[in-house]
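Reading through the structure tokens given below for one structure.
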Amino acid sequence: MFVDQARILIRSGRGGDGAVHFHREKFVPRGGPDGGDGGRGGDVIFEVTTHLNTLSTFRHVTRFAAQDGGRGGKNNMSGKSAPDVVIKVPPGTLIYDAVSSELVGDLTEDGQRLTVAKGGRGGRGNQHFATSRHQAPQIAEKGVPSQERELRLELKLIADVGIVGVPNAGKSSLLAAVSNAKPKIADYPFTTIEPNLGVAELDLDTSLVLADIPGLIEGAHAGSGLGFDFLRHIQRTRAIIHLLDGLSEDPLADFTQINGEMALFDPQLKTKPQVVAFNKIDLPDVKKRWPKVKASLEKKGYKPLAISAATGENVKELLWQVIRRLAETPVVEQQSELPVYKPVEDPREFKIEHVGDGFQLSGAAIERAAEMTYWEYDDSVRRFQKLMERLGVDDALRKAGIQEGQIVHIKDYELVWED
């Protein structure tokens, strides 16, 4: 089954907690702090593979979570880093943030990778906090929290040429005639209910990847018929074969309508090279109509061909004409390396809201620091307080009117204010 849209939930691994530990060994007095660091949490990575051509994998598996890093141990032993989770997707996959609809990545090339959720850094053990003045620190960090996101995946087939036209124009028959594809063919509207890909080999050095797009009708750009779900697949193509049905009541009206629907869906589609083919020329009635249709299309600036997908007449010439048009069309280079996705917000920013028994404090840096603090150790709590001072949280709370004994809420943590 062809699936070209999916929604999934991904979560990277949390960093392992750093350890608070002091070296104890016979005949080694004052062994000092030897708490090890936590291991790194696993990343969540998308990778392109040409072995896939749909998003059907995500019909049943919609959650992907990386493992957390291991906890640090004694004797300066670091925790084990977690493996990454690699999610395979077909070429042409677009990745959007499901909440903001922001485009996160556009994956087009085999082997291309995109990290969408970075695993948390492991927390530092108390070995890192020893100084000449503080030789026995009860300070360590918990691991950096994981990242969790909901993503929307959308597939746009990557083909050199998209074959468009009204239902029953013969698109599937043309694809079957020139390639190894075996699309379903029958004499009723919407035989094609999903895109089909095929490779046409013109000679030893020349080939084309063609996509048969389900029939477009009036209103396709707004969701009528099958066109709305599949118009996006034309956006990837470098050229278009516009196939006219020779038995249609008005082929020229069909031509205008289809071009209008594509332009309404995406104005850039009208800039793509378009080769027009008048199909079913093997039929006597179609032959009679051809001179008039040809003259009208030539007035519009096209060089139409009369073909028969059923008998193969002029089909090779059609493909060579497409090849010539592609040679005149510059190739848009795709970015082969994509950066790790990073939110645009400043993590140091915070917000204070008045709640019933005190204040709610929110902000990326503050919430992360709270989750990384060992609240059971006084040294760790004092370190958290100094961080709040550096971020300007203390001054902001005083300006907001906080009083002695009021509660400051940071996610699931409740802190009592003492001035």
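Only the coordinates and a few stated rules stand behind these numbers; no lab work does. Bear in mind the structure is a predicted one, so any value in this text is a computation, not a measurement. In this analysis, Cβ positions are derived from the backbone assuming ideal geometry, glycine residues included, and neighbour counts consider all displayed protein chains.
Here the chain is scanned for trypsin sites (Lys or Arg not before Pro) in DSSP loops (not H, G, I, E, B) that have at most 10 other Cβ atoms within 10 Å, and the longest stretch holding none of them is 134-419. Mean sequence separation of contacting Cα pairs (under 8 Å, at least six apart), scaled by the length of the chain, corresponds to a relative contact order of 14 percent. Scaling against 2.2 N^0.38 Å puts the C-alpha radius of gyration of region 71-122 at 1.65.
Near VAL322, within a Cβ-to-Cβ distance under 15 Å, what is the net charge of the other residues, with Lys and Arg +1 and Asp and Glu -1? Mind dumping the intermediate values first?
On the way: positive: LYS171, ARG238, LYS272, LYS303, LYS316, ARG324, ARG325; negative: ASP160, GLU201, ASP203, ASP212, GLU317, GLU328.
With Lys, Arg at +1 and Asp, Glu at -1, the neighbours total +1.
Taking label positions 7 Å along the Cα-Cβ direction at both SER362 and LEU202, the computed distance is 5.8 nm, reported to one decimal.
Summed over qualifying helices (DSSP H, 4 residues or more, each -39500 (n - 2.57)) and divided by its residue number, the chain shows a 222 nm mean residue ellipticity of -6000 deg cm²/dmol. Taken over region 351-416, the alpha-carbon convex hull comes to 84 cubic angstrom per residue. Note on LEU252/GLU102: beta-carbon distance plugged into 1/(1 + (r/R0)^6) with R0 of 56 Å gives a FRET efficiency of 0.85. Give the residues of region 137-157 whose amide nitrogen is closer than 17 Å to a point set 7 Å from the Cα of ARG24 in the direction of its Cβ. Backbone N within reach: 137-138. Across PRO304, PRO284, PRO145, mean-square fluctuation computed from a Gaussian network of the chain (C-alpha pairs under 10 Å connected) peaks at PRO284. Between the beta carbons of ASN76 and ARG324, assuming R0 = 56 Å, the FRET efficiency works out to 0.25 to the nearest 0.05. Taking 0.36 nm per residue of separation and subtracting the current Cα-Cα distance, fully stretching the chain between ARG7 and GLN403 would add 138.0 nm.
With a 10 Å Cβ neighbour count serving as the proxy for reagent exposure, in which order, fewest first, do TYR302, TYR374 appear? It would help to have the intermediate numbers written out before the result.
Working: TYR302 15, TYR374 21.
Going from least to most buried by this count: TYR302, TYR374.
For region 41-190, the number of Lys pairs with C-alpha atoms closer than 30 Å, counting only pairs eight or more positions apart or on separate chains, is 16. The relative contact order of region 28-185 comes to 27 percent, based on Cα pairs under 8 Å that sit 6 or more residues apart.
According to the Kirkwood relation over distinct C-alpha pairs, the hydrodynamic radius of region 229-284 is 12.2 Å. Pairwise Cα distances in region 1-155 exceed 19 Å for 60 percent of all pairs. Other residues within the sphere of radius under 12 Å centred on the Cβ of ASP266, judged by their own Cβ, net out at +4 (K and R +1, D and E -1).
Calculate, in whole percent, how much of the Cα-Cα pair population of the chain lies beyond 32 Å. Summing the P(r) tail past 32 Å for the chain gives 54 percent.
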